1. Once you place label points 7 Å from the Cα toward the Cβ at B:Glu301 and A:Ala324, how far apart are they in nm?
2. Are there residues in region A:121-168 whose accessible area shrinks by at least 30 Å² when all protein chains are included rather than the chain by itself, and which are they (probe 1.4 Å, ligands and nucleic acids not counted)?
3. Excluding residues fewer than 8 places away in the same chain, name every one of the lysines whose C-alpha is closer than 24 Å to that of B:Lys153.
4. Would you calculate a helix-derived [θ] at 222 nm for chain B, using -39,500 (n - 2.57) for each DSSP H run of n ≥ 4 and dividing by the full residue count, to the nearest 500?
5. Work out which residues of region A:16-48 lose at minimum 40 square angstrom of accessible surface when the other protein chains are put back, relative to the chain isolated, with a 1.4 angstrom probe, and list them by number.
6. Using a 1.4 Å probe, how large is the accessible area of B:Ser201, given in Å² and rounded to the nearest 10?
7. Could you size up the charge dipole of region B:103-190 around its Cα centre, putting +1 on the beta carbon of Lys and Arg and -1 on that of Asp and Glu, and report it in debye to the nearest 20?
8. With unit charges on the beta carbon (Lys/Arg positive, Asp/Glu negative), name the residue among A:Gly257, A:Gly347, A:Ile336 whose Cα is farthest towards the positive pole of the charge dipole of chain A.
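The values are calculated or read from the model by the stated rules, or taken from the named source; none is laboratory data. Everything numeric here is computed off the predicted structure, so don't read it as measured data. Neighbour counts run over all protein chains shown; Cβ positions are idealised from the backbone, glycine included. Protein only, heavy atoms only, side chains kept; ligands, DNA and RNA dropped before computing areas. Shrake-Rupley method; radii C 1.70, N 1.55, O 1.52, S 1.80 Å.
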Protein chains: 2
Amino acid sequence: MTDKPNLLGWTCPRPLQNYPTIVMGHGAGGRMMADLIEHLFAPAFDNEWLRQMGDSTALEQLMEMGQRLAFTTDSFVVSPLFFPGGNIGELAVYGTVNDLAMRGAKPLYLSAGFILEEGLPMETLGNIVTAMAAACKKAGVNIATGDTKVVQKGHGDGIYINTSGLGVIPADVDIGPANAQPGDVVLVSGTMGDHGIAVMSVREGLTFETEIKSDTAPLNGLVEAMMEAGQIHCLRDATRGGLAAVLNELAGSSRVGIEFDERKVPIRPEVNAACEMLGLDPLYIANEGKLVAILPETAAEVVLSAMRQHEYGKEAAIIGRVVAEHPGLVTAKTAIGGIRVVDVPAGELLPRIC
Amino acid sequence: MTDKPNLLGWTCPRPLQNYPTIVMGHGAGGRMMADLIEHLFAPAFDNEWLRQMGDSTALEQLMEMGQRLAFTTDSFVVSPLFFPGGNIGELAVYGTVNDLAMRGAKPLYLSAGFILEEGLPMETLGNIVTAMAAACKKAGVNIATGDTKVVQKGHGDGIYINTSGLGVIPADVDIGPANAQPGDVVLVSGTMGDHGIAVMSVREGLTFETEIKSDTAPLNGLVEAMMEAGQIHCLRDATRGGLAAVLNELAGSSRVGIEFDERKVPIRPEVNAACEMLGLDPLYIANEGKLVAILPETAAEVVLSAMRQHEYGKEAAIIGRVVAEHPGLVTAKTAIGGIRVVDVPAGELLPRIC
């Protein structure tokens, strides 16, 4: 594990200086836990909802007539905690924000549940919390409620973070994994495989001419721009299992076939090179700031153009289409012109990537 | 850790029989994870919301005019996973249900985030999931969204569970930690210290003439009965830090003093005996099915009577009152008639109790 104290410029407030590391008492519900909340979590995440400090937080009416609530949860166990382009704190915020955005929801509130390992340097925690707070600001969400537990050394890995999220789905929006229809086109919002390879390169101690950075980013703004541009049937962020897993899930849920052209999938040359070296297929590698969209052909060009104007969609591309044939099956036209079946990954390619 | 396979009669479905234990691939987003979801989580928790299988779950309009939403999160890291009277699965459901109920909310939906350690017996997971499903039924809530991660052996402790919860607070309800007023009375819903001592006794291999069982229980029904009976200012479930921590939090949030009579706090003789043996004060020991209520004196008798008629409030008692003097301070009249300050516990009494 790479500790990067002060990576993000966090300074330990005086009342916490007695604790260079997390100890069991920080999770015991007493004075020490109150210190952690009062001097670390509360000032970093400060907002009117968290300030209620109750067993649960009361949120004012957040839905209008006909709207629905989107609810999601994700635990983050990435190793190492800091990697090129990001850290576990940013992942925890953006990952859940993106899961809400994939239903067309406007993300509003997150919860944050921390499982800290005894011995975690306070500076590491401080920097992670600082990163989470900045990520919340960037994504336009608030952490409304939280929880802290501490486990003995050897029963964790520094820090695990769970975030659950709440967002509001506008009344006229119906985006879901079962909505793909034959004739629809398949788009990706940018290059595939950056996150997984960035994390892997740190773990394996690999260096490349160009540093490969994680693409971790909040996609709610991009989704909003896409929804304004045209109709969307399905959205999915291509995390664990990568593009291949997502396309298979969508083909399965919608009972349609999907065909795409490998050559049209944007992949950074350095990611391709790393994949060749490691014996990995970039189509199966996790992303943390990229989405797959399926939408009617008539909307494709205008949505693509809206994506390319957005900072997180500059390299968006149309990669394939939905067909009535071979429902549940995903096929790819290969670089040499053949057709191959792109199956679901069986088990593990890269463990603890998010 | 005590594994109790088949404690709850779970039978491993055929497609999972190839995996006697959890392996890294169960968290990798591929076929193996899909198997776990399809054959374990989905059938156990089955409901229309979970069936959506999207990145997030869409919930239909659940709030009426003037209502508020209660949102809470809690991670569960209890060790051992099974203990007299309960297990981590029940705790994870009831703990979050109770946090919602403490705002006067009707609990509706939970999320479930699992962090599984490689090597966890599939039977242990099956039994825990079975217990969670039964607990949801008992509490009247549904698991609407979930997530599974797997960490390498030696980086967890079998299983950690995060649950976040959503509930609706009726329009006319205002229960919160800052609402206590001088003149109010303080009630507890039953005996204190059962959960902490039950878990501790297994860990330490202690046996008593009468087995001490955890009190883990959903308190939303009890709270509903109390709210129907009379006005309530504050509610808090006395978990980590026990009664002492809760009274101090309420005194602090409401800027009032609290005085109570130690002799009026119901404590089982066997819990008292165990505490003496272990050198612990039962006022600081965690409960998982007991609450502290603060309410106007005029409502006290009728609410107490309603509590005593409920299965989880049979031993409810009035233990003290709120005073204008010494704001933030909690004092107890002792068995020998003196007065002592009941302070916040500093750090850790019993680690990993929930």
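1. About 7.7 nm separates the two model spin labels.
2. A:Thr145, A:Asp147, A:Lys149, A:Val151, A:Gln152, A:His155, A:Tyr160, A:Asn162, A:Leu166
3. A:Lys149, A:Lys153, B:Lys4
4. Here the helix-only value at 222 nm equals -8500 deg cm²/dmol.
5. A:Met24, A:Ala28, A:Gly29, A:Arg31
6. 10
7. Charge dipole, region B:103-190, about its Cα centre: 180 debye, nearest 20.
8. Looking along the dipole axis, the top candidate is A:Gly347.
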